[in-house]
Amino acid sequence: MTTDTTPPTRQPGANIPPIKIYPDKFSNHVIVVTGASQGIGRRTASLFASQGASVVLVDIAGEKLAALATELTAQGATVVQKVCDLTQEAAVGAMIEEVIASHGKIDVLVHLAGIYPFIPILNVKTADYARIMSVNMDSCFYLTRAILPFMQKAGYGRIIHTSTAGTLAPSPGMSAYIASKGAVAAFTRAVATEAGPGVTINAVSPAMIFTESTWSNPGARGVADAILARQQVKRVGLPSDVAHMICFIASPESEWITGHMFDVSGGAVFT
């Protein structure tokens, strides 16, 4: 069972060797990470930065974004920050064009920005539904459409979106959220048929990931207990679990994998 302070973050009996990080793995890569100011986005951006990438940090939360940029720069990383409302078509297009103009290319887009409110279906207002779809799906469409022509011209690119394991094993109170992420999954598969040589598009599909924002939501405790009960790895998911999967999908060696949903759920679902 989880508690109000923290769920189990280590599996009893597991003895995991240290993970090796190669500081030049993503040297000469320009990587855009949305939702970079916190949670999975923050961990993912930091992991890419530690592997030599030039990371473009994107979020709507300017102060948190600036703090992360300062922290990573102090560690010797190469980062820039872009405050952007990803639900606005014009803002997304301008941001992508700015990055191309200043960096000359974008090798990888990792789209992690999103919202995940726990609202029972009978309490979902039309405005709630519209916002969930806008933040989670419209942004996915705007970013993909803006960035794909540059990747196609370069003959190389990795686009990584975020779906959810909940599309296969839904939890109560998340119908609108799961609908938005189901749309992301279908969109990702469809665009993979149009991406072109050297360009892949995939998505990660996490179960509940333990972050400050998820755990501060009152509905999270019950969902976490239900998911943990059916997981094979008996601990909650951590931002690093998703970040390491993303780094594999973003790598040159993942060339032969596209249109795929990468389950990151500790064995809560099997795809």
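Of note:
- Pairing each residue of segment 155-166 that is farther than 25 Å from residue 177 by Cβ and small (Gly, Ala, Ser) with any residue that is at pLDDT 95 or above and part of a loop (DSSP other than H, G, I, E, B), provided the two are 6+ apart or on different chains, yields C-beta distances under 8 Å for 155/197; 155/198; 157/106; 157/107; 157/195; 157/198.
- Segment 47-64 residues that are farther than 17 Å from residue 250 by Cα and of a type in the set (Phe, Trp, Tyr), paired with ones that are at pLDDT below 95 and not in a strand (DSSP E or B) (beta carbon under 9 Å, 6 or more apart): none
- Looking across segment 51-67, just one residue is assigned to a loop (DSSP other than H, G, I, E, B), of a type in the set (A, V, I, L, M) and touching a His at 6+ places or on another chain (Cβ under 9 Å), and that is 53.
- Of the criteria (1) over 24 Å from residue 126 (Cα atoms); (2) part of a helix (DSSP H, G or I); (3) of a type in the set (Val, Ile, Thr), which one residue 184 fails: (1)
- Cβ pairs under 8 Å, 6+ apart, first in segment 23-34 and part of a strand (DSSP E or B), second of a type in the set (Lys, Arg) and surrounded by fewer than 12 Cβ atoms within 10 Å (Cβ to Cβ): none
- Flag if residue 171 is surrounded by 16 or more Cβ atoms within 10 Å (Cβ to Cβ), in contact (Cβ under 8 Å) with a residue 40 or more places away in the chain, of a type in the set (Ser, Thr, Tyr) and in a loop (DSSP other than H, G, I, E, B): yes
- Flag for residue 188 being surrounded by 20 or more Cβ atoms within 10 Å (Cβ to Cβ), closer than 24 Å to residue 223 by Cα and within 16 Å of the chain's Cα centre (by Cα): no
Results for (1) among the charged types (D, E, K, R); (2) surrounded by 21 or more Cβ atoms within 10 Å (Cβ to Cβ); (3) in contact with an Asp or Glu (Cβ under 8 Å, 6 or more places away or on another chain), shown as yes or no for each residue.
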| residue | (1), (2), (3) |
| --- | --- |
| 202 | no, yes, no |
| 205 | no, yes, yes |
| 214 | no, no, no |
| 230 | yes, no, no |
| 236 | no, yes, no |
| 241 | yes, yes, no |
| 247 | no, yes, no |
| 252 | no, no, no |
| 256 | no, no, no |
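- Residue in segment 220-237 that is nearest to residue 209 (Cα to Cα), counting only those that are among the basic types (Lys, Arg) and either touching a strand residue (DSSP E or B) at 6+ places or on another chain (Cβ under 7 Å) or outside any helix (DSSP H, G or I) (or both): 235
- Selected residue [aliphatic (A, V, I, L, M), farther than 18 Å from residue 145 by Cβ, in contact with a Phe, Trp or Tyr (Cβ under 7 Å, 6 or more places away or on another chain) and modelled with pLDDT of 95 or more] from 74, 67, 53: 53
- Checking residue 137 against (1) in contact with a Gly (Cβ under 8 Å, 6 or more places away or on another chain); (2) part of a helix (DSSP H, G or I); (3) under 18 Å from residue 36 (Cα atoms), the condition it does not meet: (1)
- Output for segment 238-271, where each listed residue is without any contact (Cβ under 8 Å) to a residue 24 or more places away in the chain, outside any helix (DSSP H, G or I) and closer than 30 Å to residue 29 by Cα: 256
- Restricting attention to segment 54-109, the residues that are under 17 Å from the mean Cα position of the chain (by Cα) and of a type in the set (Gly, Ala, Ser) total 1.
- Looking across segment 157-168, the residues that are among the β-branched types (Val, Ile, Thr) and either crowded, with 21+ Cβ neighbours inside 10 Å or within 15 Å of the chain's Cα centre (by Cα) (or both) come down to 159, 160, 162, 164.
- All told, residue 44 falls short of being in contact with an Asp or Glu (Cβ under 8 Å, 6 or more places away or on another chain), of a type in the set (Ser, Thr, Tyr), closer than 25 Å to residue 248 by Cβ and crowded, with 24+ Cβ neighbours inside 10 Å.
The values are calculated or read from the model by the stated rules, or taken from the named source; none is laboratory data. Here the structure is a predicted model, which is why all the values come from computation and not from measurement. Because the Cβ atoms are built from the backbone with ideal geometry, glycine has one as well, and the counts that use them run over all protein chains shown.
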